[in-house]
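For reference, the structure is listed below as structure tokens.
The values are calculated or read from the model by the stated rules, or taken from the named source; none is laboratory data. In this text the structure is predicted, and so the values were computed from the model without any measurement. Cβ sites come from the backbone with ideal geometry, for glycine too, and all protein chains shown count toward neighbours.
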Amino acid sequence: MITDPPVVLLPIRSSVRECAALKRQLLALVAYPGAVRIDVTDVELIDTAALQLLFAFCRERIAKDLSTIWQGDSPAFRAAATAVSLQVGDSAGPSSHSACQHDA
Amino acid sequence: MTLEMDQFHSGFFEEAFESLDAMETALLQLDPGAPNAEAINSIFRVAHSIKGGSGMFSFTEVASFTHTLETLLDELRAGRMPVTRPTIDLLLKSTDVLRGMLQATQRKSPVDQQTVADIQFDLEQMLAKRPSAADTAAAVQVASAPTNTSLSSAKPESLRPKQMTWTIEFRPTARLPEPGADPSRVFCELAELGTMALVAHADKLPAFADLDPEVCYLTWTITLTTELTSEAIQNILNWAEADCQLRAEEPASSRPDPAPIASNPPPPPSPPPATNLTPTGDAGGNSAKAATADSNSIRVATEKLDELMNTVGEIVIAQSMLMQLVDGAEPPPVDRIRAGLIHLERNVRELQESVMRVRMLPIRSAFSRFPRLVHDLSARLNKQIELKMTGEQTELDKKVLEKIGDPLVHLVRNSIDHGIELPETRIAAGKSAVGTLFLNAYQLGGSIVIEVGDDGAGLNLERILSKARAKGLVGPNDFLSDEAVANLIFQPGFSTTEVTTELSGRGVGMDVVRRNIEELGGTVELRTEVGKGSSVVITLPLTLAIVDGLSVAVGGEVYIVPLVAIIASLQFKRGVARQLAGVGEVLLFRGDYIPIIRLHDAFNLEPRCHDLDLGSVMVVECDGRKVGLFVDELLGQQQVVVKSMETNYRRIEGVSGATILGDGSVALILDIPGLVRYAAERNAA
């Protein structure tokens with residue numbers, strides 16, 4: 001049976017105050033054997049804490065050879081990630097795979 | 001270097017830092033319209049003694065810089081130059097530079113040559129503007145020549161800042177919810193100074209499960225090419241809650257050529273300007289001052305040491321008396337031994353109190369940064385603010401004093417930024433154009449009270465309440481007292497971005513301030529009146545080294561509950577506890593249902609009793625939230641000496657420290673704020 005990958009919908013405001021809840025959500029999926037989708041469409045504000053959390057999530061999934069799919073596009077998300085020099089995901093399109101990298 | 005020389009150096013630095021603090025205070029009190037001659041004299045004497053001491057120890061760079069500073073001060077005290085606002089500002093900058101030079105020299109690290117050269121250039125330019133400048137300028141050059149680092153004003157263009165490439169290692173230190181802690185803000189501001197490249201490093205990032213979302217594990221290397229000086233960069237970094245290492249990588253060809261000085265060998269190539277910055281977020285030189293205050297040494301008044309010596313003498317006498325009693329008569333005189341032991345016990349208690357007094361320092365050292373902070377911030381915000389400080393002699397344990405600095409800075413900044421209105425607004429409201437910011441400290445029983453307040457706009461309670469309702473923090477029909485509404489600003493949900501400025505924006509970091517105070521075992525209370533101002537009252541324990549606690553038994557273990565947190569101890573009647581959906585086990589206490597934490601569950605122990613009516617419940621309070629702690633048995637009240645878990649083992653959630661009991665066993669001291677948070681998170685989960 002084919003099931004849809006679970007989707008993590010990032011809220012409009014994804015800041016450190018929302019991180020505890022977001023972490024709980026991501027923690028349940030960090031070892032999920034199938035692909036996990038992260039939808040950034042709604043994001044209007046995201047801070048370094050949330051980006052760091054997403055970055056750590058992606059990094060761990062990559063280390064486990066698991067797939068994370070980025071879904072939607074958000075200028076705020078892109079701008080915030082660029083501002084702190086983190087490449088968290090790839091918001092080019094729904095089917096693109098995570099490019100969880102950093103410039104170091 | 002010999003031990004003796006190290007001791008001399010240590011004494012010199014200690015005195016120099018204290019003198020600089022005094023110099024800064026005197027400068028801030030100088031009135032440009034009617035300068036006080038004695039104040040100028042005292043400032044001059046500080047520069048003169050630092051120059052003499054640094055010359056004696058061959059700290060030539062410090063001696064050279066101080067010489068220029070002293071020359072300017074000599075002109076001022078002789079009345080040959082007027083005391084103007086720009087002069088005072090330059091002298092304040094000079095104290096910052098001098099403090100930085102002394103710190104670098106003390107740490108045996110390189111001095112930030114560029115910053116020194118910039119300020120020295122400004123000092124010399126100011127000197128050059130005075131009457132008969134030519135003669136004096138020549139004297140300055142000759143006098144400063146032996147150091148080879150002094151830069152003459154003969155070729156001022158060589159000193160002007162050129163394009164430099166700065167590398168900044170940026171490591172955030174604050175927890176991310178703290179206002180202004182998000183590194184991206186600093187990066188944006190730095191990017192405006194020139195061309196910036198940013199590289200993030202994730203090597204400190206833990207496994208996802210272990211990641212604390214409020215901690216920034218990422219670090220950055222910033223490469224900034226700019227014409228601006230290190231001071232301009234520092235001004236931005238000072239606002240960041242981060243450890244920053246700033247170093248210059250100036251191309252050799254663009255380095256300023258130090259001006260040759262007649263009859264002196266050419267200066268050696270300048271070492272790359274480097275400085276270790278550990279900003280605390282203060283304006284001006286306060287970061288450096290904070291570092292000084294957080295030192296490992298302590299200056300003790302002779303009478304305190306005499307008192308200590310006397311008590312130790314008494315103990316030695318009591319001990320030898322007891323030895324004689326035990327070694328002498330057969331059978332030993334039990335009554336006299338008992339009396340001797342009581343005497344010894346009294347002496348030991350006195351010894352403990354004397355040692356505690358040795359650790360006590362006047363709060364002046366924490367307050368001393370504020371005149372400068374108020375001076376700098378009020379100028380930046382175009383506000384007129386008078387700072388009134390009282391109770392600076394009030395003594396507080398050194399450890400508490402070191403930790404109280406940052407919360408006080410937050411409160412003072414909030415008052416300046418959001419509490420006190422602009423002069424025109426104040427005048428329109430029928431107030432004086434000059435706002436008042438007050439800091440007051442006094443002892444109240446076994447606690448120290450610190451008040452930080454202003455006569456500004458006060459909190460707009462209506463708007464706070466509507467904001468809280470909009471955010472769902474308060475139900476639409478819930479009635480809250482004014483005090484409860486004001487206390488909403490301590491909720492983490494309130495932040496600058498969400499609370500408008502007219503509301504006074506006091507949500508900024510207030511949750512962090514309260515958390516920091518509570519970690520010190522203290523409490524925070526807010527008082528406010530619309531249009532008349534606000535004040536925050538902090539109550540702190542005199543010391544962190546000893547805690548009054550209640551020992552309780554849980555399973556085979558003993559825990560200490562700090563008395564300050566306990567509201568009541570209860571024996572349960574069967575059926576008083578309830579199970580509430582989403583909250584778990586609760587207890588009806590004074591009309592409210594409060595969650596119960598079974599300590600054996602929290603610490604994975606096998607309890608002696610599971611039934612609530614067989615054990616005891618202590619109601620504790622933190623952050624305005626009450627929790628019932630279920631334990632097997634209450635053992636008794638006692639004073640315990642706190643040992644750090646982090647130093648001796650590692651941090652444990654729910655535990656703030658440990659102590660050794662009379663029987664030699666170890667008891668853990670409960671971290672009440674941590675347990676209250678644990679209850680809240682358990683309920684939210």
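Tabulated results
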| read-out | value |
| --- | --- |
| Selection status of residue B:415, loosely packed, with under 15 Cβ neighbours inside 10 Å and part of a helix (DSSP H, G or I) | no |
| Odd one out for residue B:604, checked against (1) touching a residue at least 12 places away in the same chain (Cβ under 8 Å); (2) under 30 Å from residue B:639 (Cβ atoms); (3) of a type outside the set (A, V, I, L, M, F, W, C) | (1) |
| Some residue of the stretch B:550-567 being at pLDDT below 90, surrounded by fewer than 21 Cβ atoms within 10 Å (Cβ to Cβ) and charged (D, E, K, R) | no |
| Cβ pairs under 6 Å, 6+ apart, first in the stretch B:375-400 and closer than 17 Å to residue B:27 by Cα and free of Cβ contacts under 8 Å to residues at least 60 places away in the same chain, second among the small types (Gly, Ala, Ser) and part of a strand (DSSP E or B) | B:385/B:435 |
| Residue in the stretch B:631-646 that is modelled with pLDDT of 85 or more, of a type in the set (Ser, Thr, Tyr), surrounded by fewer than 19 Cβ atoms within 10 Å (Cβ to Cβ) and more than 22 Å from residue B:589 (Cα to Cα) present | no |
| Conditions (1) in contact with a helix residue (DSSP H, G or I) (Cβ under 6 Å, 6 or more places away or on another chain); (2) over 21 Å from residue B:228 (Cα atoms); (3) of a type outside the set (Phe, Trp, Tyr): number failed by residue B:97 | (2) |
| Cβ-Cβ under 9 Å pairs, at least 6 apart or on other chains, the stretch B:193-206 side more than 8 Å from every other protein chain (Cβ to nearest Cβ) and outside any strand (DSSP E or B), far side among the polar types (S, T, N, Q) and buried (at least 18 other Cβ atoms within 10 Å of the Cβ) | B:193/B:226; B:194/B:226; B:204/B:219 |
| Count - residues of the stretch B:506-550 that are of a type outside the set (Asp, Glu) and either outside any strand (DSSP E or B) or out of contact with any strand residue (DSSP E or B) (no Cβ under 9 Å at 6 or more places or on another chain) (or both) | 21 |
| Test for residue B:387: is it in a strand (DSSP E or B) and in contact with a helix residue (DSSP H, G or I) (Cβ under 6 Å, 6 or more places away or on another chain) | yes |
| Residue within the stretch B:624-639 that is charged (D, E, K, R) and farther than 23 Å from residue B:515 by Cβ present | yes |
| Options B:598, B:515: the member that is buried (at least 17 other Cβ atoms within 10 Å of the Cβ), basic (Lys, Arg) and touching a residue at least 40 places away in the same chain (Cβ under 8 Å) | B:515 |
| Output for the stretch B:649-673, where each listed residue is surrounded by 17 or more Cβ atoms within 10 Å (Cβ to Cβ) and either within 28 Å of residue B:583 (Cα to Cα) or charged (D, E, K, R) (or both) | B:654, B:655, B:656, B:668, B:669, B:670, B:671, B:672, B:673 |
| Residue that is surrounded by fewer than 18 Cβ atoms within 10 Å (Cβ to Cβ), closer than 20 Å to residue B:214 by Cβ and touching a residue at least 12 places away in the same chain (Cβ under 8 Å), where the choices are A:33, A:6, A:11 | A:11 |
| Selection within the stretch B:181-192 - facing another protein chain (nearest Cβ under 9 Å), assigned to a loop (DSSP other than H, G, I, E, B) and free of Cβ contacts under 8 Å to residues at least 40 places away in the same chain | B:182 |
| The stretch B:457-485: number of residues that are at pLDDT 80 or above, assigned to a loop (DSSP other than H, G, I, E, B) and under 24 Å from residue B:535 (Cβ atoms) | 7 |
| Residue match in the stretch B:637-646 (condition: out of contact with any helix residue (DSSP H, G or I) (no Cβ under 6 Å at 6 or more places or on another chain), under 30 Å from residue B:492 (Cβ atoms) and part of a helix (DSSP H, G or I)) | yes |
